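To start, the structure itself, in structure tokens.
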Amino acid sequence: MGLTVTQVADSMAACGTPVHPDWVAAWEQGSHVPSDQHLFALADVLWCDTATLMGTAPRTLTEFRLARRLSVERLAYRLGMDPTEYRTAESAQRWHGDARQTRVLVEALGLSLRTLIGIMGRVGELEEHLRSAIAGRWKTYVDPVAEIVAVDPTSVGDALRTMHTEFAGFSERYMGHLVARNADARLKEIATERAVYLRRLVDHFWELMGDKGEASLYPMAGG
């Protein structure tokens, strides 16, 4: 934009966020990171969004929050959560909010529940529960899965029951061909289909969830 660091600093001050020109230079050089408020003001001055200044597509809770131009305090207020508690969640990349708070969070940050679970690093945990559910007593895993995905237990139960039935079908088909002494090629084909099913377990779960994976199903108070 043809601006000097002094001009940028002056413009930020005019926006109500004073900053020394040396700080602007340090941000450009990458030796320092601007605070949230400085980042938002800098985006205004340079006529761009915060994600452009971050130089990356959002991947963490912090980056998604900054991309939406939300301070910790403002987002925590919307969540009904103490700012310190929310900041801890961001730092640890672990979300333990209740159903209402989860819905507010995904809406505020423009996320889906599926994306939130990925950001929180709980996909492996979800897959482990799904594997146990389809191979054993699926009802036992309804509540643990519902807690992870923040979808109502009834919908989770429907999905797990379907997956349990589908998975059992592989064993029935395999044993049927084995008893009938059919060709080894057919047995290998069934085994391959089963392996592919297991690799796509989490994806298939979300397919069964449909639109429910895009937001929490729990109604907000007064909704």
From L109, L61, L70, grab the single residue that is hydrophobic (A, V, I, L, M, F, W, C), more than 22 Å from V123 (Cβ to Cβ) and open to solvent by less than 60 Å² (accessible area, probe 1.4 Å). L70
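Residues are listed down the side, and each one gets a yes or a no for (1) over 30 Å from E147 (Cα atoms); (2) of a type in the set (S, T, Y):
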residue	(1), (2)
A25	yes, no
A43	yes, no
L46	yes, no
M54	yes, no
A57	no, no
L61	no, no
R65	no, no
V72	no, no
T102	no, yes
Candidate set from the range 146-172 (those that are touching a residue at least 60 places away in the same chain (Cβ under 8 Å) and buried (at least 20 other Cβ atoms within 10 Å of the Cβ)); member that is nearest to R200 (Cα to Cα): V149
Cβ-Cβ under 8 Å pairs, at least 6 apart or on other chains, the range 193-212 side closer than 15 Å to E125 by Cα, far side open to solvent by 30 Å² or more (accessible area, probe 1.4 Å): L198/R131; L201/E127; L201/R131; V202/V123; V202/E127; W206/R114
How many of the residues making up the range 112-140 are more than 14 Å from the chain's Cα centre (by Cα), of a type in the set (A, V, I, L, M) and open to solvent by less than 50 Å² (accessible area, probe 1.4 Å)? 3
Note on the range 14-28: residues open to solvent by 40 Å² or more (accessible area, probe 1.4 Å) and closer than 10 Å to V45 by Cβ are A14, C15
How about the range 73-85: which of its residues are surrounded by fewer than 17 Cβ atoms within 10 Å (Cβ to Cβ) and under 22 Å from D44 (Cα atoms)? E73, R74
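The values are calculated or read from the model by the stated rules, or taken from the named source; none is laboratory data. Computed from a predicted structure; not experimentally measured. Cβ sites come from the backbone with ideal geometry, for glycine too, and all protein chains shown count toward neighbours. Just so you know, the surface numbers come from the protein's heavy atoms only, side chains and all, with ligands and any DNA or RNA stripped out. Shrake-Rupley method; radii C 1.70, N 1.55, O 1.52, S 1.80 Å.
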